[in-house]
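**Q** One structure is given below, represented as structure tokens, and several questions about it will come after.
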Number of protein chains: 2
Amino acid sequence: MRHTWRNVYNWGDTEKKIDKTIAHHIEHFKHLLGIEGTMRDLPLNANAHDEVKLAKRSRLNRVALRDFMRIVGSENVQVDDFSRAKHSFGKYYGDIVRMRLGKIAHPPDAVVYPGTENEIMKIVAYCNLKRIAIVPWGGGTSVTRALEAEKGGIALDLTRNYRDVISLNEIDSTVTVEAGILGPDLEKYLNDRGYTCGHFPQSFEFATVGGWLAARGAGQASTGYGRIEDLTVGFTAITPTGKIACGNYPAASVGGDIRHLIMGSEGTLGVITQVTLRIRKYNAANSVMQSYMFKSFESAVTTMRQMMQTEVYPPHFFRISDPEETEIGLGMKGKDKGIAGWFLNKLGFKKGGRSLMYAIFEGDPRQTKVGASALNRLARKNGGLSLGSYATRKWLEQRYSSAYMRDPMMDAGIRIDTLETAVHYSRLTELWNAVREYIKRDGQTLCLTHISHTYETGANLYFIFASPMLGKDELGRFEKFHRGIVETFVKHGGTLSHHHGIGRLAAHSLPKQHSPATLAAWRAVKKTLDPKGIMNPGALIF
Amino acid sequence: MRHTWRNVYNWGDTEKKIDKTIAHHIEHFKHLLGIEGTMRDLPLNANAHDEVKLAKRSRLNRVALRDFMRIVGSENVQVDDFSRAKHSFGKYYGDIVRMRLGKIAHPPDAVVYPGTENEIMKIVAYCNLKRIAIVPWGGGTSVTRALEAEKGGIALDLTRNYRDVISLNEIDSTVTVEAGILGPDLEKYLNDRGYTCGHFPQSFEFATVGGWLAARGAGQASTGYGRIEDLTVGFTAITPTGKIACGNYPAASVGGDIRHLIMGSEGTLGVITQVTLRIRKYNAANSVMQSYMFKSFESAVTTMRQMMQTEVYPPHFFRISDPEETEIGLGMKGKDKGIAGWFLNKLGFKKGGRSLMYAIFEGDPRQTKVGASALNRLARKNGGLSLGSYATRKWLEQRYSSAYMRDPMMDAGIRIDTLETAVHYSRLTELWNAVREYIKRDGQTLCLTHISHTYETGANLYFIFASPMLGKDELGRFEKFHRGIVETFVKHGGTLSHHHGIGRLAAHSLPKQHSPATLAAWRAVKKTLDPKGIMNPGALIF
């Protein structure tokens, strides 16, 4: 791989040609936003093919470098500019803007690739002794500024050498892995043996199991399989104060549950190492896919809510696109004109109201049948039109593709980012309306929203917003805009984040979600597990 | 109610006559343990009808008494011996022995009955200022010595005035209550409106919602409805450092989840006040009950495991009685002789091996049908014999009765207590065998075991042990015996407790389950939320 800036920030392999559908989507967005040409002359595209040079040199002294090399082997410590640049940021829009401008304020001084839990323990102990900061690294897919070496130090990257399956327990239905394993490797291992992990975040291709836990995420199939905290049986974490082993019982009533402080801690308390996850039997052939069109977002949400509250096993994947996302989705596939469009309008499924629902039932065929028929009945009751499996199949084909769209869109001068929340059903449409209104006030902005994670009491709302980049102070203005969205979430009963986490991005709003006493307790835990503040300093509230 | 010792410790109303079935069970136990007569002459029965007198006087000074009365009203502060005695202990066997001997080392100095969250806040603030200890009280059904006024102070009893339903949200499918509400009151409120809470601990009749959370319990139907931590959406807790409001989102990825430190804290961090729980639609008529006989405990457990891992919605109630419990169950109902016994033996379901399984599927009829048929098929595959709904119906009739058996059994000189754990399937029979072996070594001891809470990765094991009381040092010898059981759990991969909690009873073993760093973090939380150590001092590790 060439050591260019493009290879620092690009989502996936830069050598790979952009998929035709993605290319079509990009053209469609450009058209909607009135953007012409390729805008190759934008300053944000200038450095793409330059070799990476960092203004800030590694401050790691010779002794420390030698000590790290002694622990992990000399080939597993890197101090070159490209490696350091690649470990400077995650994948938040602002991160990419900064990288495109070559502005890396806080690169780590070195990247260290441990291969065993023992090596990780030695590194954490050493860094604690020498007060060297550690940012634990998995796939680097954070969109919340969780990955910045504010105080220099090392990026501890688990993905190179700490990525094996440790054991499979078919009696307990669990798998134990090293935290640096990537989603596809784990899933392939399990599929080959008739199982699935069931955790498919958008970042699936590049994210690690350790990262899943650290960010307290949820995958696209969380409605059926559960969020990462539901899938996690137990794990070990290496903190500066010592190793924590937790969980590893089917359930317990033994005081508090420390797992729930470490899951979501985004590297600020320790390094997650061995992880035991629940697994499920899987046979793709059993999947039942359905899709429906509704006349309004509200009637789609009502159907979803009723399904979740009906006491029938819900779909594993369960999604709704709001009217704008539905329309762009139809438009991108050329479905808003011609016979299909005419037909939908004729039946009263009108543009601006109509909303698509997607569902996939997995597992035992007797179970999927009951689920599918229960959803069918509810959809009919609420005026939904069954589209068979079509829309869901189409969605599934490109389930990980939207992340690939950002780089070419940014090349074309489109600002595109996402924010997500979760809210109880009784305030869901209120929040949806309020956020849309806020986003639309920003001028020529597209706002595509979907629900992708659903519960008995409420659901998430995932907003994708796109607009032409602003020439001057793009970053400052974007960040202000971004804060306003989070504030709108809070104002209408939404959580600061449903599955992305907090990092450094929404940390300013933590007191709006957590009580002062909660934050104090949390700081006390930090102080105890990481007394010198070496673990991902500056993230969350620490 | 007369202010006798019997009325201090008895389970339920002493005026109520003992149920005929219970009386029969007691006779059967006496028969099995070779105990004759009523043993009314035991020293443990001597004080039953005496009026309660405590050796230790209330040390609460006049000013504090007046201040409490100002906050909650004079009728809601009690300092009489009977009230203090009633708030001295929970329902652990050792507690009852101590009460029967009139040995109450640490009665509270007063019992205070608050009526609002605001009053609770005032009391906690006042006690923090004056360094007066608080033991929060619900139904007083702890079996882990969680309820002892080690440092005197007040018992804060929520059950008299803080027990209303605050609101029902049918859109979100949640109910919000005051923490002092009792199970039956909440369940009746919900049933009247077509819902159920789904949480039915053995202590259901007397326990409170706040107690459910504080002990991190699980009800008899937890396999379908979930444990209390799954049912809890959010709550407020009043700590000396301030009010904590937490949860109240369908899900969140916003750092740690403080709910999981407070659930299970057994009154050591603060007083749980308002609680929002998930509710489910309920129609008792939809229930499908099944029961099966298996030739061995192992084949019953295999069936249970396969059902939990089959990806079909499991039974809400799912239980197995081990061979000894099965036999005593059959014997108690006169089923081991005559045609039924002959028939079972003939078919190879032999005494000492045969094990009963009970299942109840609730909810949507389409769903219960699939569940019931899946279980049927698995049971058949593993050699199970369907007994229709019989055994399950019988079990359901007496689901809360076993707690009523202890007082009359103790009257007759029988020591009877329980301990419970949870373990992954791969070590379940190993642990079961080891604990039985340990218990049986104690001489003439019955050991009835069941599984009553089941998960995809493992299940709980609930041991009931009964033996003739020892004349001398009954308590000391029992406590040593008891510790040995907990140590056997730990040795074979079991948790210290699955749903009873820790209190002061198994606290000595906490370092066997939690890492030193976990305990340090936990202590730091205590120090932050309760810096003066007034909340239930001495419980857990604090």
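**Q** Round to the nearest 10 and give me the degree value, 0 to 90, for the angle of helix B:117-130's Cα axis relative to the longest principal axis of chain B.
**A** 60 degrees
**Q** If you don't mind, another one. Once the principal axes of the Cα atoms of the range A:38-122 are found, what is the range along each, listed largest first in whole angstroms?
**A** Largest first, the range A:38-122 extends 49, 24, 19 Å along its Cα principal axes.
**Q** Along Cα→Cβ, 7 Å out, is where each label goes; now give me the distance between the ones at A:H3 and B:I18 in nm to one decimal.
**A** Here the modelled spin labels are 8.5 nm apart.
**Q** In terms of Cα to Cα distance under 19 Å, which lysines are near enough to B:K56, apart from those fewer than 8 places away along the same chain?
**A** Result set, ordered by chain and number: B:K86, B:K103, B:K151.
**Q** Right, another one. Give, rounded to the nearest 20 debye, the magnitude of the charge dipole that the protein assembly as shown has about its Cα centre when Lys and Arg contribute +1 at Cβ and Asp and Glu contribute -1 at Cβ.
**A** Dipole of the protein assembly as shown, to the nearest 20 debye: 300 debye.
**Q** Tell me the volume per residue, in Å³, of the convex hull enclosing the alpha carbons of the range B:165-281. Please list the in-between numbers first.
**A** On the way: hull volume 11.6 nm³, N = 117.
Spelled out: Cα convex hull of the range B:165-281, divided by residues, is 99 Å³.
**Q** Which distances, shortest first and in nm, link A:K381 to the matching position in the other copies, using label points set 7 Å out along Cα to C-beta?
**A** Those label-point separations list as 3.3 nm.
**Q** Continuing with the same structure: Give the whole-number value, in cubic angstrom per residue, of the convex hull volume spanned by the C-alpha atoms of chain A.
**A** Values: hull volume 80.4 nm³, N = 542.
Residue-normalised Cα hull volume stands at 148 Å³.
**Q** Hey, for A:A23 with labels 7 Å out along Cα-Cβ, what do the inter-copy distances come to in nm, ordered shortest first?
**A** Inter-copy label distances (nm, one decimal, shortest first): 8.9.
**Q** Sticking with this structure for a sec: Exactly which trypsin sites (Lys or Arg not before Pro) in the range A:204-289 are in a DSSP loop and have at most 12 other Cβ atoms within 10 Å?
**A** Passing both the DSSP loop test and the Cβ count: no residue.
**Q** How large, in Å, is the protein assembly as shown by the Kirkwood hydrodynamic radius built from its alpha-carbon pairs?
**A** It works out to 30.9 Å.
**Q** If you don't mind, there's one more thing I want to ask. Pull out a ≥ b ≥ c, the square roots of the eigenvalues of the alpha-carbon gyration tensor of the range A:315-423, then state rounded if a/c is under 1.5, prolate if not and a/b is larger than b/c, and oblate in the remaining case.
**A** Here the range A:315-423 falls in the oblate category.
**Q** How far is helix A:20-33 tilted off the main Cα axis of chain A, in degrees rounded to 10, range 0 to 90?
**A** Here the helix axis deviates by roughly 80 degrees.
**Q** Moving to a separate point now. In whole Hz, with x marking every Gly and Pro, tabulate ³J(HN,Hα) for the range B:488-498 from phi via Karplus 6.51 cos²θ - 1.76 cosθ + 1.60, θ = phi - 60°.
**A** 5, 3, 4, 4, 10, x, x, 7, 4, 7, 8
**Q** Can I ask one more? Answer with one residue from B:Y189, B:A218, B:F317: the one whose Cα lies farthest towards the positive end of the charge dipole of the range B:184-338, charges on Cβ with Lys, Arg +1 and Asp, Glu -1.
**A** Final value for the positive-end residue is B:Y189.
**Q** A follow-up question, please. Put a label point 7 Å from Cα along the Cβ direction on A:G348, then list its distances to the equivalent points in the other copies in nm, shortest first.
**A** 6.2
**Q** Could you state the number of Å between the C-alpha centres of the range B:316-382 and the range B:215-252?
**A** Their Cα centres are 33 Å away from one another.
**Q** Let me ask something else about it. Simple spin-label model, 7 Å along Cα-to-Cβ: A:M69 to A:S401 in nm?
**A** Output for this residue pair reads 4.7 nm.
**Q** Continuing with the same structure: Just to confirm the number: angle between the C-alpha axis of helix B:428-440 and the first principal axis of chain B, 0 to 90 degrees, nearest 10?
**A** 80 degrees
**Q** Remind me, relative contact order of the range B:165-281 in percent, using alpha carbon pairs under 8 angstrom and six or more residues apart?
**A** Averaging sequence separation for qualifying contacts and normalising by length gives 33 percent for the range B:165-281.
**Q** Follow-up question, since we're still on this one. Using the crude model of +1 on Lys and Arg Cβ and -1 on Asp and Glu Cβ, and no other charge, please compute the dipole size for the range A:165-281 relative to its Cα centre, in debye to 20.
**A** Dipole of the range A:165-281, to the nearest 20 debye: 140 debye.
**Q** Still on this structure, I have one more. Rounded to the nearest 20 Debye, what is the dipole magnitude of chain A about its Cα centre when Lys and Arg each give +1 and Asp and Glu each give -1 at the C-beta?
**A** Computed about the Cα centre, the dipole is about 740 debye.
**Q** Compute the distance from the alpha-carbon center of the range B:430-507 to that of the range B:97-167, in whole Å.
**A** 29 Å
**Q** Among the DSSP beta bridges whose two residues both lie in chain B, what percent are antiparallel, rounded to the nearest 5?
**A** Around 90 percent of the beta bridges assigned by DSSP in chain B are antiparallel ones.
**Q** Looking at the protein assembly as shown, send over the antiparallel percent of its DSSP beta bridges, to the nearest 5.
**A** Antiparallel bridges: around 90 percent, rounded to the nearest 5.
**Q** Calculated from DSSP H runs of 4 or more alone, at -39500 (n - 2.57) each and per residue, what is the 222 nm mean residue ellipticity of the protein assembly as shown, nearest 500?
**A** Details: 42 runs with 402 residues, N = 1084.
Mean residue ellipticity at 222 nm (helix-derived): -10500 deg cm²/dmol.
**Q** Of A:I120, A:W342, A:T239, which is farthest towards the positive pole of chain A's charge dipole, taken about the Cα centre with +1 and -1 on the beta-carbons of Lys, Arg and Asp, Glu respectively?
**A** Sorting the options by dipole projection puts first A:W342.
**Q** Related question: Expressed in nm to one decimal, what extension gain is obtained for the pair B:K491 and B:L101 from 0.36 nm per residue of sequence separation less their Cα-Cα distance?
**A** Values: separation 390, 0.36 × 390 = 140.40 nm, distance 3.43 nm.
Length gained between B:K491 and B:L101: 137.0 nm.
Just so you know, all these numbers are worked out from the coordinates, no wet-lab data involved. Quick caveat: nothing in here was measured; it's all calculated off a predicted structure. Methodologically, a virtual Cβ is constructed for each residue, glycine included, from the backbone with ideal geometry; neighbour enumeration extends over all protein chains shown.
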